[in-house]
Amino acid sequence: MRTFASAAAAGSFLLAAPSSAFTTQPRQQQSSSTALSMGLKTQIVSKVVQNPITAAVAGTALVGTAAVKVVLDRPSRTYNENSVAEEYDAWTQDGILEYYWGEHIHLGYYDEEEMKNGYKKKDFIQAKYDFIDEMMKFGGIDAEADKGAKVLDVGCGFGGTSRYLADKLGPKADVTGITLSPNQVKRGTELAEERGLSNAKFTVMNALEMDFPDNSFDIVWACESGEHMPDKEAYINEMMRVLKPGGKFVMATWCQRDDREVPFDKKDKRDLRFLYEEWTHPYFISIEAYAELIDATKSMSSVKTADWCEPTIASWRHSIWVGVYDPRGFIFKPTKYLKCARDAYCLERMHRAFKRGLMEYGMFAATKAKKDE
């Protein structure tokens, strides 16, 4: 039953891997091993030539591997004005994402000790709860001090964080989650009702044109929604507009590195295009560019920023391994096999982009200035 998941995971690592990734021997040892391998290759080639069936199988395997890579390297979910809602509706309906990621469609948090001990030893879902707790700390949000706050969760998914905050901040808190996906609103509402969280509600709304009046919320929270926004400036401006004076803003989002000093090369541009178009992102911007947009509103205190690549990067490969260890989330859904393979491949491509510094994990926190400041 694990065959497909294992193949998807292995393919993700192997198909995108540079040949140097598999060369770890010392130079002297490589020389002797190269001579040995040449002898082995000669024997293998000789046997293949002698056996037409073996040659045919080997040739078919090579062609098949190349064909699979060509397919996976061609992005399949390019952004358009309806694609975000459609994709999240589909992900919510098929249940695969919720099966593996739980209620939280965002990366997890792994501290230095957990990384040292091996990230796979940590519970994958718990990592996501730990991320929320760390994001609260980063944004200066305290369960006691902010008890009863009015909170907006921008790009709420099916509401895992909204419900967590509604519970954490107490029954007097009022948490509203917005998303473009009707299926996510439906699922988020079901889960809130199951938990008896009447102070968490969800609605379909465009984050670039929110219906809320100015100065409506004590806290504006945005976790991994900026990636899908076609107008980053409008996204920031709207969140600043609905935040009350003295209110707290905290945001987490995937960013590309700032290319103003070191421009992107051809590989960078090719990799970014894949990451844009495979998971329906219009484009990414840098941490610096987001900070400039926030400053440009002239309504916020100085912006605190950070790159959380190190504590979150394990999430990409951990996402693949949970599917390998437990294929029940997709194994009985054969029509989703190709999609799962594509997602596993994209997860690995994301890992590598963050690992080499092409991508960064942007964190932002600021307070809206009061009128007399």
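The values are calculated or read from the model by the stated rules, or taken from the named source; none is laboratory data. All values reported here derive from a predicted model rather than from experimental measurement. Ideal geometry is used to build each Cβ from the backbone, glycine not excepted, and the neighbour counts take in all protein chains shown. Only protein heavy atoms, including side chains, enter the accessible area calculation; ligands, DNA and RNA are left aside. Shrake-Rupley method; radii C 1.70, N 1.55, O 1.52, S 1.80 Å.
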Per-residue SASA entry for Phe138, accessible area with 1.4 Å probe, Å² rounded to 10: 20
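Once the cut-off is 20 Å, how many percent of the Cα-Cα pairs in segment 130-202 end up in the long-distance tail? Numbers along the way, then the final one.
On the way: 624 of 2628 pairs.
The share of Cα pairs beyond 20 Å in segment 130-202 comes to 24 percent.
In segment 294-373, what trypsin sites (Lys or Arg not before Pro) fall in a loop by DSSP, with at most 10 other Cβ atoms inside 10 Å?
Details: sites: Lys298, Lys304, Arg317, Arg328, Lys336, Lys339, Arg342, Arg349, Arg352, Lys355, Arg356, Lys368, Lys370, Lys371; in loops: Lys298, Arg356, Lys370, Lys371.
Of the trypsin sites (Lys or Arg not before Pro), the ones in loops of segment 294-373 whose Cβ has at most 10 other Cβ atoms within 10 Å are Lys298, Lys371.
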Taking N as its residue count, the alpha carbon Rg of segment 267-373 over 2.2 N^0.38 Å: 1.41
For segment 163-236, average projected area of the Cα convex hull in nm²: 5.3
Ile105 - accessible surface, heavy atoms, 1.4 Å probe, Å² rounded to 10: 40
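What net charge is computed for the residues neighbouring Asp307, neighbours being all others with C-beta under 10 Å from the C-beta of Asp307, Lys and Arg scored +1, Asp and Glu -1? Can you show the working numbers first?
Numbers: positive: Arg257; negative: Glu310, Glu360.
Net charge in that neighbourhood comes out at -1.
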Full-stretch length increase - Glu310, Ser286 - with 0.36 nm per residue and alpha-carbon distance subtracted: 7.0 nm
Contour minus Cα-Cα distance for Lys333 and Asn237 (0.36 nm per residue): 30.4 nm
Accessible area (Å², per residue) of segment 212-315, counting only protein heavy atoms and a probe of 1.4 Å: 41
Where the Cα pairs of segment 220-305 fall when distances are cut into 5 Å bins, in %: 3, 13, 24, 24, 17, 10, 6, 3, 1
